[in-house]
1. Would you please give the residues with an amide H less than 5 Å from that of Y117, counting only those at least 5 places away or on a separate chain, with H modeled from the backbone geometry?
2. Under a point-charge model restricted to the Cβ atoms of Lys and Arg (+1) and Asp and Glu (-1), what is the dipole moment magnitude of segment 34-146 relative to its Cα centre, in debye to the nearest 20?
3. Please work out the C-alpha center-to-center distance from segment 74-106 to segment 211-231 and express it in whole Å.
4. Skip the ligands, DNA and RNA, and give the accessible area per residue of segment 80-163 with a 1.4 Å probe, whole Å².
5. Under a crude label model (7 Å from the Cα following the beta-carbon direction), how far is Q217 from S110 in nanometres?
6. Residue by residue through segment 225-236, what is 3J(HN,Hα) from phi via Karplus (6.51 cos²θ - 1.76 cosθ + 1.60, θ = phi - 60°)? Round to whole Hz and write x for glycine and proline.
7. Mind listing the phi-derived Karplus ³J(HN,Hα) values for segment 94-101, rounded to whole Hz, using 6.51, -1.76 and 1.60 with θ = phi - 60°, and x for any glycine or proline?
Amino acid sequence: MTTLNLNIAAILLSRNAKENSPIDLSMLYLLLALVSFFLVVLLFVFLRRRVVQLFRLWYILLVHGQYSFEFLCFFKDNNLRSPINGCIKDEISQHLLVFFRRIKNSVDFSTETPIDYGDVPFMTTTKSLFKIKGKPDCMKVGIFGDTRFIVAGYNETLQGLKIKSFYFLVSGKFVMGEFMFADLHNVKPENLITTLSKKYLKNIPVANDVFYIMDAQGNQLNYEHNGFAISIKYLYCGDQQTNELLGRLASGENLVGNNQVSQGHDELLDRF
């Protein structure tokens, strides 16, 4: 009789344990859900700024694209490293202002030949520039008052010589181009000057390291050899609004291998 009672008690206890098991698992799941929710909320509180930034960056990419002013400004404004290399180390204005603040010991020439910059017409829009030249190798942006400045750069090769070609856009329009020759070991300055003189000055000898050329429309060219690099800049002066803006900027107004360029100048003439 005693053995029978013990078996019955064991069966009842086993049934109670089975009946209570689902309740315990439900409580465990609920507890895990609450802890997970708490961790997510805690993570969002500490990383909400990054989360907002990610959503904003996603929106900019979707609406404006990777090579837009808005995209580059996002990294600049948030002190983040941009995935696109910067074109120039100094300020954009320093490149533009050489036409408004003449470099010392420079000389001036006039030309009957229209000054242009390769195969990209002045006043070309940013979108059209990318269609002509493709994706840029580097970019930099700046702002002056309400005016946006963009520099798009390309690594190019001219007669086996590596050069950098920059396109300066003001308010989304291409107004200045610049060729930069940084590797002076493979450059003969006299050949560059000879090519420019042949195209614009009817082969007039030029001995200066810095000079300006102006065409009949007022467009200008600046050649500068500062001992470290050679720069040839081309400025379009046919847009009155841009001229006034750059004039205010110049006034300081505060607004809210062994390959040498020595053979044949045909390719240089086409580019210069």
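The values are calculated or read from the model by the stated rules, or taken from the named source; none is laboratory data. From a predicted model like this one, the values you see are computed outputs, not experimental measurements. Neighbour counts are summed over all protein chains in view; Cβ atoms, including those assigned to glycine, are modelled from backbone coordinates with ideal geometry. Accessible surface areas use protein heavy atoms only, side chains included; no ligands, DNA or RNA. Shrake-Rupley method; radii C 1.70, N 1.55, O 1.52, S 1.80 Å.
1. F122
2. 580
3. 18
4. Value for segment 80-163: 57 Å² per residue.
5. 1.8
6. So the Karplus estimates, Gly and Pro as x, are 10, 9, x, 10, 7, 10, 10, 10, 10, 10, 10, 8 Hz.
7. Calculated HN-Hα couplings, in order: 4, 7, 6, 6, 4, 8, 10, 10 Hz.
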